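Asks: Can you read through this structure? Questions will come right after.
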Ligand SMILES: [Mn+2]
């Protein structure tokens, strides 16, 4: 029995809000989820959604949209739980929503299940009714030896969101544990369990590839593989500058890199020695390429001996001499030299 396992789709989120590519990312969340459901419809009997399908309690229009996707795959069962983001609070549309026939939401705060007869599989799970659950609610989950296959859907994984060890659920008889909540995918060695990760990264802290799980549950056990699905990837890019480097050169370099890797959105780090009298125009870099943030760790390339010779009769030379005689740590001296000389030389230029 082939199944798909996804979670943390966060439909409705606006990644990198305010940046030029934000709308494109917002649409990518929908497009990738749509593609996953279509692929599931072609090859899987069951689509598991382990919480946080939506970024917040969903709007009517958003629910209509996903129901349209599920109606297009009538021969695939869909089982959903609500996570900490799309929790079923007072007034949540989840409470009274009429899902298509192939869809089940396990919406109670204690474990419940749905038995899918044609695939002899029972899916167990619970939904969040509030954004946090600190108790280990799933520790007592158990699957009976009744000839059915049993799957546990679990939105869990940190102290405020159902602390949980999947090993325990395997010992309690479950054939697969479909976990959600942590965006970084994780396999558990030797046991049929996975944190599938989000199908698309949500922000710059979601570094690396993202995807979902395709599993095959048979009488001899459960095999799973992880499939990449994300259309963008947050990566770190470190560039080393020299005293000849200009902002335009940096921008051209980053643009060429991103043309070669069009899915990359970069966190930029600048290192190396820059010309002492310039600061890179970070706004120009942020405006000109897909960069979320910049860590400028460059240091000015100061030739102290040369400077103190050239300025032996003015305040710059005097400043260098005094600082060299001051009893402070080398690190502090370096910083003070950098800031002091920058300020003094601006006056001179
Ligand atoms: Mn979550």
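The values are calculated or read from the model by the stated rules, or taken from the named source; none is laboratory data. All values reported here derive from a predicted model rather than from experimental measurement. For neighbour counting, all protein chains shown are included, and Cβ atoms are generated from backbone atoms with ideal geometry for every residue, glycine included.
Asks: For region 185-211, how many residues are within 15 Å of the ligand (Cβ to nearest atom) and touching a helix residue (DSSP H, G or I) at 6+ places or on another chain (Cβ under 6 Å)? Walk me through it before giving the result.
Replies: Going through region 185-211, the residues within 15 Å of the ligand (Cβ to nearest atom) turn out to be 185-186, 195-203, 205-206, 210.
Narrowing further to those that are touching a helix residue (DSSP H, G or I) at 6+ places or on another chain (Cβ under 6 Å): 199-200.
So the count comes out to 2.
Asks: Inside region 106-161, can you point out the residues that are within 16 Å of the ligand (Cβ to nearest atom), in a strand (DSSP E or B) and at pLDDT 95 or above?
Replies: Scanning region 106-161 gives 125, 153, 154, 155.
Asks: Looking at (1) closer than 18 Å to residue 340 by Cβ; (2) loosely packed, with under 12 Cβ neighbours inside 10 Å; (3) in contact (Cβ under 8 Å) with a residue 12 or more places away in the chain, can you tell me which one residue 240 breaks?
Replies: Result: residue 240 passes all but (1).
Asks: A further question follows. How do the strands (runs of 3 or more DSSP E) wholly within region 1-90 filter down when requiring 3 or more residues that are within 16 Å of the ligand (Cβ to nearest atom): which remain?
Replies: Details: elements: 2-6, 46-50, 77-81.
The strands (runs of 3 or more DSSP E) meeting that bar are 46-50.
Asks: Is it true that some residue in region 324-339 is within 30 Å of residue 20 (Cβ to Cβ), in contact with a strand residue (DSSP E or B) (Cβ under 6 Å, 6 or more places away or on another chain) and not assigned by TED's automatic domain parsing to the domain that holds residue 200? Spell out the reasoning first.
Replies: Looking only at region 324-339, we keep the residues that are within 30 Å of residue 20 (Cβ to Cβ), and these are none.
No, that holds for no residue.
Asks: Follow-up. Of everything in region 208-237, what is outside any loop (DSSP other than H, G, I, E, B) and either at pLDDT below 95 or over 23 Å from residue 264 (Cα atoms) (or both)? Give them in sequence order. Explain how you work it out, then say what you get.
Replies: As a first pass, look at region 208-237 and keep what is outside any loop (DSSP other than H, G, I, E, B): 211-218, 221-228, 233-237.
Selection gives 214, 215, 216, 217, 218, 221, 222, 223, 224, 225.
Asks: I'd like to check something: does region 285-305 contain any residue that is under 30 Å from residue 16 (Cβ atoms), without any contact (Cβ under 8 Å) to a residue 12 or more places away in the chain and loosely packed, with under 14 Cβ neighbours inside 10 Å? Talk me through it step by step, then tell me what you get.
Replies: Within region 285-305, the first condition is being under 30 Å from residue 16 (Cβ atoms), and the residues that meet it are 285-299.
Still in the list and also without any contact (Cβ under 8 Å) to a residue 12 or more places away in the chain: 286-287.
Applying the additional criterion that residues be loosely packed, with under 14 Cβ neighbours inside 10 Å yields 287.
Looking for residues that are under 30 Å from residue 16 (Cβ atoms), without any contact (Cβ under 8 Å) to a residue 12 or more places away in the chain and loosely packed, with under 14 Cβ neighbours inside 10 Å, one finds at least one in region 285-305, hence yes.
Asks: If you don't mind, another one. Scanning region 169-184 for residues that are within 16 Å of the ligand (Cβ to nearest atom) and farther than 19 Å from residue 46 by Cβ, which turns out surrounded by the fewest Cβ atoms within 10 Å (Cβ to Cβ)?
Replies: Filtering region 169-184 for residues that are within 16 Å of the ligand (Cβ to nearest atom) and farther than 19 Å from residue 46 by Cβ, the one surrounded by the fewest Cβ atoms within 10 Å (Cβ to Cβ) comes out as 184.
Asks: Residue 145 - would you say it is buried (at least 20 other Cβ atoms within 10 Å of the Cβ) and touching a residue at least 12 places away in the same chain (Cβ under 8 Å)? Before you say what the answer is, go through the steps one by one.
Replies: Numbers: buried (at least 20 other Cβ atoms within 10 Å of the Cβ): no; touching a residue at least 12 places away in the same chain (Cβ under 8 Å): yes.
No, not satisfied.
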